[in-house]
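Visitor: Handing you a structure now.
None of the figures in this text is laboratory data; all of them are computed from the coordinates on show. What you are looking at is a predicted structure, and each value in this text was computed from that prediction instead of being measured. With ideal geometry, Cβ positions are generated from the backbone for all residues, glycine too; neighbour counts draw on all protein chains shown.
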C-alpha cells in the first residue's frame, strides 16, 4: 500500500469522533472543560534525514514537526512522548531534543526505546491544550474565503541543497506556535505546510469540499526563479489558512488566492485544474 491507500484502509477501522475521520493532522479530545490536541509524527533514516545528519538536528526537527501540527490547531504544547531507536549518536539526539524542549517551552512526559538492526526510526507524540474552540480544521474552508500563508516556501529546499542562509530552515525549523494561537479564533480552516504548499492546498480543498484557487505570482517563495519547486518541496512548516472575505489576518501574512465552490478539482493553480495530487508534493509510498 502507499500512504493514501493505507490511510483509506484505516478509515474502515473503529474511529474515535476526535479523529475527525483521519482528514486532519491531529486528534481533538474534550475532557470536562479541557480540549486536548494530540498528534504523532515519525522520522526515518534515508527518508527524512541522511546518514551523515547531526542527530541533534534530527531530534530538534522531529520535535518541531510535531509541534507544528499543534500550531495549526492553535494549541499550546503540554508535553511529548518519545519513541527512540537506540544506537545512533544517542547523546547527540538527547542534546538536540533538550534544546528543542527548552526553545519551545514544553517537556518530556515519557515514551519507549528499542534496539534495531535495521533502519533507525524516531517518533514523537505531542499533546497540546486548545486555546480556542472550535479547534481549527482542514475542512472549514468556504467559497469566498481568502487563502493566506504566514511566510515564504522553499527555504527548506534551499537549505537541503546547502545554501548557507537557509540551512537552519531545513535542519532546525521553527513551528509557528504563537501565530497559530493568534489565528485560531479567526480562521475558517488552517494546517501547516509540511508536504508542499500545492499538495497541502489540494488536501485542504479536498477536505473542505471546495476548490482552492491560487495565484502563483502571489505566493512568497525563497527563490522566484524556482517558484514551482518551492511550492512542491515541503518541510517549510509555515501555516496555510483561510479567512472569511473582508477579514484581515491579525498578523503578517500573504494572501495567495481565493476559495471557490468545488469545481473540476480541489486545487486551481493559475486557473489550471489540478485534480491528481500525485507530483504536487511529498507523499510516502
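Visitor: List the pair-distance distribution P(r) of the range 220-269, using every Cα-Cα distance, as the percent of pairs falling in each 10 Å bin from 0 up to the bin containing the longest distance, rounded to whole percents.
Guide: Result, from short to long distances: 18, 44, 35, 3 percent.
Visitor: Same structure again: Between residue 30 and residue 251, what is the FRET efficiency for a Förster distance of 41 Å, r being their Cβ-Cβ separation, to the nearest 0.05?
Guide: E between residue 30 and residue 251, to the nearest 0.05, is 0.90.
Visitor: If one computes the Cα centroid of the range 121-176 and of the range 205-251, what distance in Å separates the two points?
Guide: 11
Visitor: Please arrange 92, 176 by how many other C-beta atoms lie within 10 Å of their C-beta, fewest to most. Don't skip to the answer; put the middle values down first.
Guide: Values: 92 16, 176 22.
Ranked by crowding around the Cβ, least crowded first: 92, 176.
Visitor: Okay, moving on. In degrees, nearest 10, range 0 to 90: what is the angle between the Cα axis of helix 55-71 and the longest Cα principal axis of the chain?
Guide: Taking the Cα atoms of the chain, the angle to 55-71 is about 40 degrees.
Visitor: Mind checking the log10 I(q)/I(0) for the chain at q = 0.14 Å⁻¹? Debye, one equal scatterer per Cα, no solvent, two decimals.
Guide: Here log10 of I(q) over I(0) equals -1.03.
Visitor: I would also like to ask the following. Tell me whether the range 76-176 comes out rounded, prolate or oblate; compute the Cα gyration tensor, take square roots of the eigenvalues as a ≥ b ≥ c, and use a/c under 1.5 as the rounded threshold.
Guide: oblate
Visitor: Give me the percent of Cα-Cα pairs in the range 110-265 that sit more than 28 Å apart, rounded to a whole number.
Guide: 26
Visitor: Let me ask something additional. I'd like to compare 159-168, 183-192: which one has the highest average count of other Cβ atoms within 10 Å, and what's the full order after that?
Guide: Most protected by this proxy first, the peptides run 183-192, 159-168.
Visitor: Also, quick follow-up: To test your reading of the geometry: what angle, between 0 and 90 degrees and rounded to tens, separates the Cα axis of helix 90-104 from the longest principal axis of the chain?
Guide: Its long axis makes an angle of about 40 degrees.
Visitor: If each residue of separation counts as 0.36 nm, what is the full-extension length gain between residue 142 and residue 10 once their alpha-carbon separation is subtracted?
Guide: Computed gain between residue 142 and residue 10 is 44.8 nm.
Visitor: Let me ask another. Once you sort the root eigenvalues of the Cα gyration tensor of the range 1-54 as a ≥ b ≥ c, which label holds: rounded (a/c under 1.5), prolate (a/b larger than b/c) or oblate (the other case)?
Guide: Note, shape of the range 1-54 comes out oblate.
Visitor: Nearest 5 percent is fine: what portion of the DSSP beta bridges confined to the chain is antiparallel?
Guide: Antiparallel bridges: around 75 percent, rounded to the nearest 5.
Visitor: Same structure, new question: Measure nothing fancy, just the Cα-based angle from helix 197-208's long axis to the longest principal axis of the chain, in degrees from 0 to 90, nearest 10.
Guide: Around 70 degrees separate the two axes.
Visitor: Gain in length, residue 86 to residue 42, computed as 0.36 nm per residue apart minus the alpha-carbon separation, to one decimal in nm?
Guide: Taking residue 86 through residue 42 to full extension adds about 14.3 nm, to one decimal.
Visitor: Using only alpha carbon positions, build the gyration tensor of the range 3-130, then give the equivalent ellipsoid semi-axes as the square roots of 5 times its eigenvalues, largest first, whole angstrom.
Guide: They are 26, 19, 12 Å, listed from largest to smallest.
Visitor: Follow-up question, since we're still on this one. Gain in length, residue 102 to residue 270, computed as 0.36 nm per residue apart minus the alpha-carbon separation, to one decimal in nm?
Guide: The span from residue 102 to residue 270 would gain 56.2 nm if fully extended.
Visitor: Then there's this: Under 1.5 on a/c is rounded, so check that first for the range 121-163, then, if it is not, pick prolate when a/b is larger than b/c and oblate when it is not; a ≥ b ≥ c are the square roots of the alpha carbon gyration tensor eigenvalues. Present the calculation step by step, with values, prior to reporting the outcome.
Guide: Details: a/c = 2.99, a/b = 1.28, b/c = 2.33.
Taking the square roots of the gyration eigenvalues as a ≥ b ≥ c, the range 121-163 is oblate.
Visitor: Let me ask something else. Which order do the peptides 232-243, 51-62 come out in when sorted by mean C-beta neighbours inside 10 angstrom, highest first?
Guide: Sorting 232-243, 51-62 by mean packing, highest first, produces 232-243, 51-62.
Visitor: Moving on. Sort largest first and round to whole Å: the equivalent ellipsoid semi-axes of the range 196-285, each the square root of five times a Cα gyration tensor eigenvalue.
Guide: Working: eigenvalues 70, 62, 30 Å².
Equivalent-ellipsoid dimensions as semi-axes: 19, 18, 12 Å.
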